[in-house]
Amino acid sequence: MNEPIFVKGDLSFTTPDGKSLIEYTRKDLSLFGCTSLPWAPLNPKDHFGHTVKVQIKIVPPGALHLEAQAILMHEQALNHDLMGLRFVLSREQRHLLSDQIKRFGYLPTDHVRKYPRIPSMSMIQTFPLRAIVKPAARPSGTEAIPIVFDVGNLSPNGILLTTENRIAIATQPGQRILISLEPRGPFSQTVETEGLICRATDSLNLENGNMVRMLGIKFIRVDELNRAAFLDLLKDILERMKGA
């Protein structure tokens, strides 16, 4: 059974220049933050990565009010360019918001996938923690520069990849890429597939200040040999999760 991950709430914060108050009502809030917000009157070029003090109000029946810092994120998809807020919560604030989500939250139907994604787990011996990514097509005479990504989650239909390598800024929604999953432990076969970047989100690593690029990718092409290997890998991971 899927646990709720969102709760409805209102957000407000003053722009970094202190001149305008931005308010959003009845938004989907999670422990991570809030996504898919319009940028205006801000813009990603000037304001990505800025820290703001955000007022978080959970509407009844929760009736919770928190004041916390948030980092302005940049979200890109094929047809939109949006802002996200990444909450920076204290332990107590995280506990309070988590309780609200557990008691009054929900999992929207448009969030539920046919195949739920499996979060990265280093304790599972065969779960691939990294992937090598290259463009599926490039201009003649040029050499593709491979980028190593961390695997955020995995499913039969797609994958979430993250990196702090700034070269990855060149990867954009709509681009096709070649993905090679790192073999680990007893599963020694590399799985290769072609994917389509559906979403790119830029955030910050709060520990070191590096930009983090997250790519939401849909698998679009895989040959029979790699398909069989990938299904064997997923089956192995799920079996090990049951025994964990």
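The values are calculated or read from the model by the stated rules, or taken from the named source; none is laboratory data. It should be emphasised that the depicted structure is a prediction, and the values quoted were computed from it without experimental measurement. Cβ atoms come from the backbone with ideal geometry, glycine included; neighbour counts cover every protein chain shown.
Restricted to region 92-103, and to residues that are within 19 Å of Val52 (Cα to Cα) and not aliphatic (A, V, I, L, M), which residue is surrounded by the fewest Cβ atoms within 10 Å (Cβ to Cβ)?
Residues of region 92-103 within 19 Å of Val52 (Cα to Cα): 93-94, 97.
Then drop every residue that is not not aliphatic (A, V, I, L, M), which leaves 93-94.
Details: Gln93: 17, Arg94: 15.
Top of the filtered list is Arg94.
For region 193-237, enumerate the residues that are touching a Lys or Arg at 6+ places or on another chain (Cβ under 7 Å) and small (Gly, Ala, Ser).
Gly195, Ala200, Ser203, Gly216
When region 1-13 is examined, which residues are found to be of a type in the set (Val, Ile, Thr) and modelled with pLDDT of 95 or more? If you could, list the steps in order and put the result at the bottom.
Going residue by residue through region 1-13, those that are of a type in the set (Val, Ile, Thr) are 5, 7.
Passing the criteria: none in range.
Pick out the one residue from Leu72, Leu64 that is within 19 Å of Asp28 (Cβ to Cβ), at pLDDT 95 or above and in the same structural domain as Asp46 (by TED's automatic domain parsing).
After ruling out the rest, the residue left standing is Leu72.
Within region 54-110, track down each residue that is over 17 Å from Asp10 (Cβ atoms) and either assigned to a helix (DSSP H, G or I) or among the small types (Gly, Ala, Ser) (or both).
Correct list: Ala77, Ser90, Arg91, Glu92, Arg94, His95, Ser98, Asp99, Lys102, Arg103.
Starting from region 67-93, take each residue that is within 17 Å of Thr171 (Cβ to Cβ) and list its partners that are charged (D, E, K, R), counting only C-beta distances under 6 angstrom and pairs at least six apart or across chains.
Met73/Arg86; His74/Asp202; Ala77/Arg199
Just the residues that are surrounded by 12 or more Cβ atoms within 10 Å (Cβ to Cβ), of a type in the set (S, T, N, Q) and either within 19 Å of the chain's Cα centre (by Cα) or within 26 Å of Ile197 (Cα to Cα) (or both), please, taken from region 52-86.
Gln76
If only one of Arg184, Arg166 is touching a residue at least 12 places away in the same chain (Cβ under 8 Å) and farther than 21 Å from Leu72 by Cα, which one is it? Spell out the reasoning first.
Details: Arg166 fails: farther than 21 Å from Leu72 by Cα.
Unique residue meeting the criteria: Arg184.
So which strands (runs of 3 or more DSSP E) stay within region 160-229 end to end and still have 2 or more residues that are touching a helix residue (DSSP H, G or I) at 6+ places or on another chain (Cβ under 7 Å) and buried (at least 16 other Cβ atoms within 10 Å of the Cβ)?
Numbers: elements: 176-181, 191-204, 211-221.
Those strands (runs of 3 or more DSSP E) span 191-204, 211-221.
Within region 128-140, identify whether any single residue is in a loop (DSSP other than H, G, I, E, B), in contact (Cβ under 8 Å) with a residue 60 or more places away in the chain and surrounded by 16 or more Cβ atoms within 10 Å (Cβ to Cβ), and answer yes or no.
So far as region 128-140 goes, yes, one or more of its residues are in a loop (DSSP other than H, G, I, E, B), in contact (Cβ under 8 Å) with a residue 60 or more places away in the chain and surrounded by 16 or more Cβ atoms within 10 Å (Cβ to Cβ).
Only one residue in Phe32, Phe6, Phe13, Phe48 is among the aromatic types (Phe, Trp, Tyr), buried (at least 17 other Cβ atoms within 10 Å of the Cβ) and under 26 Å from Ile169 (Cα atoms). Which one? I'd like the intermediate steps shown before the answer.
Working: Phe32 fails: buried (at least 17 other Cβ atoms within 10 Å of the Cβ); Phe6 fails: under 26 Å from Ile169 (Cα atoms); Phe13 fails: under 26 Å from Ile169 (Cα atoms).
Every option except Phe48 fails the conditions.
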